[in-house]
């Protein structure tokens with residue numbers, strides 16, 4: 001079986017998505033047409049690129065004429081919309097993804113492993129976090145996530161409480177629980193991330209020890225360990241809140257910032273924390289430190 005892949009170039013990708021779904025598209029995604037990354041979206045927003053292509057996957061014999069007519073009649077810029085299409089052979093897409101997603105080790109024994117590759121980890125004392133890709137960010141492949149997982153892997157987390165602010169898939173909080181933490185609280189502005197965290201907690205047997213919520217539902221409380229992998233601008237804005245959520249002598253790890261942003265972020269947290277050496281990978285930095293009770297947060 002083949003699928004019809006239709007690519008729509010319009011200034012109104014959300015409208016194009018609705019039209020494709022109305023014509024029976026099995027899946028619709030947005031891709032960047034010109035490699036123009038969006039690094040720091042405002043809180044609560046799901047940004048699109050300035051030049052976005054809407055890609056729809058439809059049945060092989062879908063009526064292209066009818067779809068094109070709808071797009072041109074319903075989209076505000078319908079007269080200038082461009083379309084192209086191709087047939088895509090059906091494949092086992094999960095297995096295609098798995099070919100490029102091997103088990104990943106962090107520290108001596110923490111592993112992040114897709115469910116179908118669990119058999120590949122044979123280390124006797126391995127701590128295995130089961131995680132497949134989803135809508136929420138965080139599988140361990142991005143440098144910022146990897147830097148945080150490596151940091152967690154060398155902490156003594158036994159009996160500790162953890163706050164994961166900007167949790168994405170929940171990978172950091174779940175890793176902390178598997179490594180000995182007692183309880184984790186996860187916060188994210190994206191409802192899909194909150195749900196993904198809950199689902200991944202169930203898959204890893206830690207659902208009774210984790211709470212996931214939107215910021216409005218988060219009652220600030222002090223944790224022993226705080227991790228926040230959420231980009232530089234939000235980290236700076238949240239410095240007083242995250243400091244208040246870190247117990248005296250507790251530790252914090254901040255990631256999602258570019259190397260050139262490290263001084264700005266460190267300065268925002270300096271009133272409360274003594275810092276360890278930074279860690280950097282592929283242009284991204286992780287800052288970590290310990291709450292030193294320099295002043296009352």
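R0 = 22 Å: FRET efficiency of residue 18 with residue 63, Cβ-based, nearest 0.05?
0.80
Compute the projected area of the convex hull of the Cα atoms of segment 137-291, averaged over all viewing directions, and report it in nm² to one decimal place.
Mean projected area for segment 137-291: 7.9 nm², to one decimal.
Could you put 149, 172, 157 in order, starting from the residue whose Cβ has the fewest other Cβ atoms within 10 Å?
So the ranking, lowest neighbour count to highest, is 157, 149, 172.
Given labels modelled 7 Å from the Cα in the Cβ direction, how far is it in nm from residue 217 to residue 124?
4.3 nm
Could you list 251, 186 so that the one with the fewest beta carbons within 10 Å of its beta carbon is first and the one with the most is last?
Fewest to most other Cβ atoms nearby, the residues stand as 251, 186.
Provide 148, 245 in ascending order of the number of other Cβ atoms located within 10 Å of each residue's Cβ, fewest first.
Ranked by crowding around the Cβ, least crowded first: 245, 148.
Read-outs throughout are calculated quantities, based only on the coordinates presented, and are distinct from any laboratory measurement. Treat the numbers as computed from the prediction; the structure is a model and nothing was measured. Methodologically, a virtual Cβ is constructed for each residue, glycine included, from the backbone with ideal geometry; neighbour enumeration extends over all protein chains shown.
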